Amino acid sequence: MKRYVIVGASFRCYTMFVENLLDYYPEHGEITGIYDLNKTRCEVFKKRVGEGLTIYDDFENMLDLEKPDAVIVTTTDAFHHEYIIRALNKGYDVITEKPITNTYEKCLAIREAEKKSGKKVTVTFNCRFMPAFVGIKEIVASGKIGKILSINYEYFLNRWHGGDYFKRWHRLMENSGGMLVHKSTHHFDVMNWILEDEPVKVSALGNRVFYGDQSKSFATRCKDCPKQSDCQSYKSQTVELDNELYFGAEHEDGYIRDKCCYLPDTNIYDNMSVSVLYKGGAILTYSLNLFSLRGEGSKIVITGEKGVIVYEGVSPSDNPDHTPCFKVFTDEGKFETYPLPVLKGRHGGADPVLVGMLFAGENPEDKLGQCADSFAGIVSALIGISANESIANGVQIDLAERIDKIR
Ligand SMILES: NC(=O)c1ccc[n+]([C@@H]2O[C@H](COP(=O)([O-])OP(=O)(O)OC[C@H]3O[C@@H](n4cnc5c(N)ncnc54)[C@H](O)[C@@H]3O)[C@@H](O)[C@H]2O)c1
């Protein structure tokens, strides 16, 4: 039985690592130690996991006493690097949530520490385990559509989910790197992975056109808002885990989970478009919209020399009749449909599969290369970091030199 410790008693940590380990792989791994600045949140984990979980006041002390097989990093994004580096320096492998980090300087520091330590950082990119991306990856790898020349990737979130990022720490660039880092690291990674290529140039546009508008704000938080029933972004207090982790713990650090998403003291964008040129010549045209009214999902068109893949995915709650599939066109107007399996579990069933691979040794050959290393984590984050720079300074960013420095 392998032993793991956690830094960051987050909602994501509980639902991804703790729950999936307990539900699917209890005989393979256990979480034995937890550290977070907020002790109330650690207590929530302990209450649910049991006496086998020890709460620590000090991160290094936890490593010294637990001597884990790996350290799981699930704090807010801006602190990932700190714990990744401290764990590596103490000689431990690290499993970190995305984005690996949110600035280029932190990327460099992580790679340097990893190289020095001889230990390994794995980034949990669950998108690589979603049936649609697995299917698309297999088709591209089979050569059916030939060399990829162009990709259009549109991603949209509804106002409940999109607004959620304006309610808490994500709403500040310094915490999350904005959505082009926090969210799009998934999308850029999956494209890098499918293409098996590296980005060389990035340019972007971004602004905030929907959230952060004081005229739409009627209270500082959802709990106290007189317009709850009219608001498409209203955060209720009906989820038990939310209540315990957030509302029941805010007295300790003032972390308000349901801040009004229309308060103007935010500095991230809700409306973004990015162009990425790859070494092999392909161009990715990507957009991210956080205030959609057609549910949430994505549309992806991958055009190769010999064929085109078209995927339209919507959240099942937005369209229960939607049959998940993608189409492959290999001749004008003619296409084959590839149905996709419907898996159980969060994020389209990707989370349990990823946990099975990381913690239970399932799929050890990893023929598709689904387990992402720090390099992949950094390259995908770097596209977002550079896109932010491009937006701020109105310039195109050259990535080749930056990527060479982290190789
Ligand atoms: N892969 C996915 O699908 C997915 C989905 C959601 C979140 N995530 C990632 O998971 C992580 C957690 O997200 P969440 O929304 O569940 O977070 P959260 O807000 O629920 O919790 C963050 C925790 O980090 C702790 N923390 C903050 N600074 C710290 C520090 N310096 N030292 C120790 N602890 C600190 C906070 O006290 C809090 O308990 C993030 O990195 C996020 O990007 C990934």
Kindly list the number of the only condition in (1) touching a Leu at 6+ places or on another chain (Cβ under 8 Å); (2) in a strand (DSSP E or B) that fails for GLY313.
-> (1)
ALA219 vs (1) assigned by TED's automatic domain parsing to the domain that holds GLU305; (2) part of a loop (DSSP other than H, G, I, E, B); (3) of a type in the set (A, V, I, L, M): all pass except (1)
In region 24-52, what count of residues is obtained for those that are without any contact (Cβ under 8 Å) to a residue 40 or more places away in the chain, more than 16 Å from the ligand (Cβ to nearest atom) and either in a helix (DSSP H, G or I) or not hydroxyl-bearing (Ser, Thr, Tyr) (or both)?
-> 6
Does GLU114 count as under 23 Å from the mean Cα position of the chain (by Cα), acidic (Asp, Glu) and surrounded by fewer than 23 Cβ atoms within 10 Å (Cβ to Cβ)?
-> yes
Please work out which residue is farthest from ASP58 (Cα to Cα), limiting yourself to region 1-23 and to residues that are surrounded by fewer than 19 Cβ atoms within 10 Å (Cβ to Cβ) and away from the ligand (no atom under 15 Å from the Cβ).
-> ASP23
Search region 314-339 for residues that are loosely packed, with under 14 Cβ neighbours inside 10 Å and pair each with any residue that is in a loop (DSSP other than H, G, I, E, B) when their beta-carbon atoms are under 6 Å apart and the residues are at least 6 apart or on different chains.
-> ASP318/GLY295
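Being in a helix (DSSP H, G or I) and touching a residue at least 12 places away in the same chain (Cβ under 8 Å) is true for just one of ALA376, ALA392. Which residue is that?
Values: ALA392 fails: touching a residue at least 12 places away in the same chain (Cβ under 8 Å).
Result of the check over ALA376, ALA392: ALA376.
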Go over the candidates SER184, SER217, SER176 one by one and state the one that is more than 16 Å from the ligand (Cβ to nearest atom) and either under 22 Å from LYS98 (Cβ atoms) or modelled with pLDDT of 95 or more (or both).
-> SER217
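Could you run through region 332-349 and say how many residues are touching a Lys or Arg at 6+ places or on another chain (Cβ under 8 Å) and either within 12 Å of the ligand (Cβ to nearest atom) or under 23 Å from ARG128 (Cβ atoms) (or both)? Steps first, answer last, please.
Of all residues in region 332-349, those touching a Lys or Arg at 6+ places or on another chain (Cβ under 8 Å) come to 335-338.
Filter once more, so that each one left must be either within 12 Å of the ligand (Cβ to nearest atom) or under 23 Å from ARG128 (Cβ atoms) (or both): 337-338.
Residues that pass the stated criteria total 2.
Quick check, is ILE136 assigned by TED's automatic domain parsing to the domain that holds ALA381, among the β-branched types (Val, Ile, Thr), farther than 30 Å from GLY91 by Cα and more than 19 Å from the chain's Cα centre (by Cα)? Even if it seems obvious, please write down each step before you answer.
Values: assigned by TED's automatic domain parsing to the domain that holds ALA381: yes; among the β-branched types (Val, Ile, Thr): yes; farther than 30 Å from GLY91 by Cα: yes; more than 19 Å from the chain's Cα centre (by Cα): yes.
Yes: the conditions hold for ILE136.
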Candidates LEU245, LEU284, LEU263, filtered to the one that is buried (at least 21 other Cβ atoms within 10 Å of the Cβ) and more than 15 Å from the ligand (Cβ to nearest atom) | LEU284
Which of the residues belonging to region 126-175 are surrounded by fewer than 19 Cβ atoms within 10 Å (Cβ to Cβ) and not in a helix (DSSP H, G or I)?
-> GLY143, LYS144, GLY146, LYS147, LEU149, SER150, ASN152, GLU154, LEU172
Filter region 330-373 for residues that are out of contact with any helix residue (DSSP H, G or I) (no Cβ under 7 Å at 6 or more places or on another chain) and part of a strand (DSSP E or B) and give the result.
-> THR330, ASP331, LYS334, PHE335, GLU336, THR337, PRO339, ASP373
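The values are calculated or read from the model by the stated rules, or taken from the named source; none is laboratory data. This is a predicted model, so every value here is computed, not measured. Every residue, glycine as well, gets a Cβ built from its backbone with ideal geometry; the counts of neighbours run over all protein chains shown.
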